[in-house]
Amino acid sequence: MASRRRRNATILIAAAVLVSACQTTPPVAGPAPAKSDKPAFVVISQSPKLDVFFRGMKLVAAHTSEQQNEIALDFAAPVDGALFDRLQQTLPQWIDLAYCGYDNAVIHARQSGAFAVRKEEDGFSLHFTPSEEELPLRGTTGEDLHPDGVQKDEAPFVLKK
């Protein structure tokens, strides 16, 4: 009788250990984790100009103001306004105001300068050069730029003044 209890106890302990191991051990084979398609931004550079990469948002058009310190962005689909709230909170020295409404957004720079956008594989890049500094976009010589700051060879958007 005692040996039977001991055997049952051993079986219960082994089963508990097996269940615990199955719950904590990752599967050996399975689907790879999906790439995050959630829209986000990454600040690439803040000195001497601002470069920000926006991921997961398809930009349709961009328009700058006559004062050159504001840009309106039109997207192919609705965009979460919280992203532009975070942009303003992350870059208060550069961004005076950033807001979004359904499928468009407006970014108002703290100082005058020139905005430029460039289509990227998974989104777009936003560049802002303050008016005090006339610097070409990173990776260019300045000779391959239009006067409005968009590269000649890949000008996906026409910036309207």
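Any read-out appearing in this document is the output of simple, stated calculations on the displayed coordinates, not a laboratory observation. All of these numbers come straight from a predicted model, not from anything done at the bench. Don't worry about glycine lacking a Cβ; one is built from the backbone with ideal geometry, like all the others, and counts go over all protein chains shown.
Taking each residue of the range 44-58 that is under 19 Å from His108 (Cα atoms) and looking for partners that are of a type in the set (Phe, Trp, Tyr) and not in a strand (DSSP E or B) with beta-carbon atoms closer than 6 Å, six or more apart or interchain, yields Leu50/Trp94. Taken over the range 100-134, the criterion of being in contact with a strand residue (DSSP E or B) (Cβ under 6 Å, 6 or more places away or on another chain), hydroxyl-bearing (Ser, Thr, Tyr) and surrounded by fewer than 20 Cβ atoms within 10 Å (Cβ to Cβ) is satisfied by Ser125, Ser131. Within the range 66-78, the set of residues being outside any strand (DSSP E or B) and surrounded by 14 or more Cβ atoms within 10 Å (Cβ to Cβ) comprises Gln68, Asn69. Restricting the search to the range 59-96, which residues are in contact (Cβ under 8 Å) with a residue 60 or more places away in the chain and farther than 18 Å from Ser112 by Cβ? Once the filter is applied, which keeps residues that are in contact (Cβ under 8 Å) with a residue 60 or more places away in the chain and farther than 18 Å from Ser112 by Cβ, the range 59-96 yields Leu59, Ala61.
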